[in-house]
Structure formats: C-alpha cells, structure tokens
Amino acid sequence: MNEAELRQQMVDLARSMFDRGYATGGAGNLSLKLPNGHFLATPTGSSFGRLVAEDLSVVDKDGNHLSGKRPSKEVAFHLAIYEKDPNCNAIVHLHSTYLTALSCLENLDPSNAIKAFTPYYVMRVGELPVVPYYRPGSPHIAEDLAKLAGKYRAFLLANHGPIITGSDFLDAVDNAEELEETAKLFFLLANKPTRYLTDDEVTDLKGRGK
Ligand SMILES: O=C(CO)COP(=O)(O)O
Ligand SMILES: [Zn+2]
C-alpha cells in the first residue's frame, strides 16, 4: 500500500473502532510504518471517530515531527517498540473497556495478565506482560517497553490500557479486537471454574499462524 492508502486505512479503521466502542473521547493512539521508513501517527488529543487523512502526524525514527498535526504524546513508546521489533509495522493503543478494567486489577501476573483459555488469544497475542503504572506520556513507558518489545505482541499498561502490535495496520486492529474480546471473556468467567488451555495445547498453537 502507498502512503495515501495507508493514511485512508488508518482513518477508516479508527472510525470503525470508534463506532463499535473500542475508543471513546480523545483516548488512545495509532501508528504505522510508512514505505519510506517514517511513521504515521494520530495527532495528540484526536478522536478515532474524526481523524482526517491529511492531518495525521509524520515522525522519523527519532521522534522528530516532520508533518501534520502535533503527534500523540505516546509517540516515544511507539518508536521504542518499532526499534526493538522488526516484525512490528503497526501499533494500536486503546483505553478499551475490558482491557482497561483488567489493567486496574491488583495482583496481575506481571509476565502475563491473561492465562490462555481460548486458541485465538494464543494465536494472535500469546502473552500479555504488564508495564507498571506511569502517567500517560511518561518516558518511562518507552524505557520499559524497550526491554519487552520483540518478545511479545501486546502489552498492558497498568491502570491505563493495552498496546497491541501487528505485521500491518489491519493485523494490529484484528489483534486488538481479539484481545479486548478475550478480556471481556475473562470477566464473564470470573469466579467460575475455568478450564485453561494446557501447556501442550498452547505449544501446539504457537507458530501455526492465524
Ligand atoms: O491514550 C492517550 C495517552 O496515553 C492519548 O494521548 P494522545 O492523545 O496524546 O495520543
Ligand atoms: Zn493511553
């Protein structure tokens, strides 16, 4: 896809997520890698429901603002992930309801907030490590993610929300939807005896694709 098509794809899928309640107000941010090596990101404070293709921000790998409106205050954590994960070409950060509720629970396993109970969670995400709470925009988020990126496909910011990567923008959005649905099921199953996938079942699913 060329840059114009990628800009339109970001606008269209962001709007779709907004319309289906994955994003509200000005929360969350999106980015993708452009064919020229720069990055397209949502402007700070923008609503997923009202993005404008020409207004989207372009930054270089060092975070220099090249064009468009002022980029998301989280652009540093997006860039930290791209630097460490060569397979990541797009990132979705949401404050979606169930994943954000999950991020506020005490005693989450920092290495994996959701133990697998469905195959698609394993196939699209696998594990969900938790980054401790820092204020939105804090450089510490990027520092912590730099240590995890490349080893995981999604991350949960404590008391904040999820970050989901993808091989392209559509893949990142699909992964985000799968992860939000998994968190919804997690709450539906709370206090019910649950059969988790066994280690062998998880191993069998890994590396099989989607
Ligand atoms: O989700 C957000 C902060 O974590 C929104 O910030 P931006 O509007 O600057 O992208
Ligand atoms: Zn946020």
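Before moving on, here are some points about what is shown:
- Difference of contour (0.36 nm per residue) and Cα-Cα distance, Thr97 to Leu34: 19.7 nm
- Spatial separation of Cα centroids for segment 62-128 and segment 138-156, in angstrom: 8
- Between Arg208 and Leu170, the simple spin-label model (points 7 angstrom out along Cα→Cβ) gives 2.3 nm.
- Inter-label distance, nm, simple model (7 Å from Cα along the C-beta direction), Cys104/Ser138: 1.8
- The GNM of the chain, with springs linking C-alpha atoms under 10 angstrom apart, assigns the highest mean-square fluctuation among Lys151, Lys192, Lys61 to Lys192.
- Whole-Hz ³J(HN,Hα) from phi, Karplus 6.51 cos²θ - 1.76 cosθ + 1.60, for segment 144-159, glycine and proline x: 5, 5, 4, 7, 9, 4, x, 9, 9, 9, 8, 9, 10, 7, 4, 6
- Length gained on full extension, Glu201 to Arg50: 50.2 nm, using 0.36 nm per residue less the C-alpha separation.
- Residues in segment 62-79 carry Karplus couplings, in order, of 9, x, 5, 7, 9, 6, x, 6, 4, x, 3, 5, 9, 4, 4, 6, 4, 5 Hz; the curve used is 6.51 cos²θ - 1.76 cosθ + 1.60 with θ = phi - 60°, and Gly or Pro positions show x.
- Packing, taken as the mean count of other beta carbons within 10 Å per residue, orders the peptides 168-177, 31-40 from highest to lowest as 168-177, 31-40.
- Springs join every pair of Cα atoms under 10 Å in this Gaussian network model of the chain, and among Pro193, Pro86, Pro132 the largest mean-square fluctuation is at Pro193.
- Point-to-point label distance, Phe117-Lys84, nm (Cα→Cβ direction, 7 Å offset): 2.9
- From phi via Karplus (6.51, -1.76, 1.60), per-residue ³J(HN,Hα) for segment 172-181 in Hz, x at Gly/Pro: 4, 5, 4, 5, 5, 5, 4, 5, 5, 5
- Straight-line reach from Lys115: taking Cα to Cα under 17 Å and skipping same-chain neighbours fewer than 8 places apart, the aspartates and glutamates in range are Glu106, Glu127, Glu178, Glu180, Glu181, Asp199, Asp200, Glu201, Asp204.
- Anchor Lys69: lysines whose Cα lies under 24 Å away (excluding residues fewer than 8 positions away in-chain): Lys33, Lys61
- Placing +1 on the Cβ of every Lys and Arg and -1 on the Cβ of every Asp and Glu, with no other charges, gives the chain a dipole of roughly 280 debye about its Cα centre.
- Net charge dipole, segment 127-190: roughly 340 debye, given to the nearest 20, about the Cα centre with Cβ charges of +1 for Lys and Arg and -1 for Asp and Glu.
- Computed from the Cβ-Cβ distance with R0 of 22 Å, the FRET efficiency linking Leu185 to Asp19 stands at 0.50.
- The convex hull of the Cα atoms of the chain, projected and averaged over all directions, covers 11.0 nm².
Throughout, read-outs are computed from the coordinates displayed, never taken from laboratory work. Just so we're clear, the structure is a prediction, and the values are computed from it rather than from any experiment. Methodologically, a virtual Cβ is constructed for each residue, glycine included, from the backbone with ideal geometry; neighbour enumeration extends over all protein chains shown.
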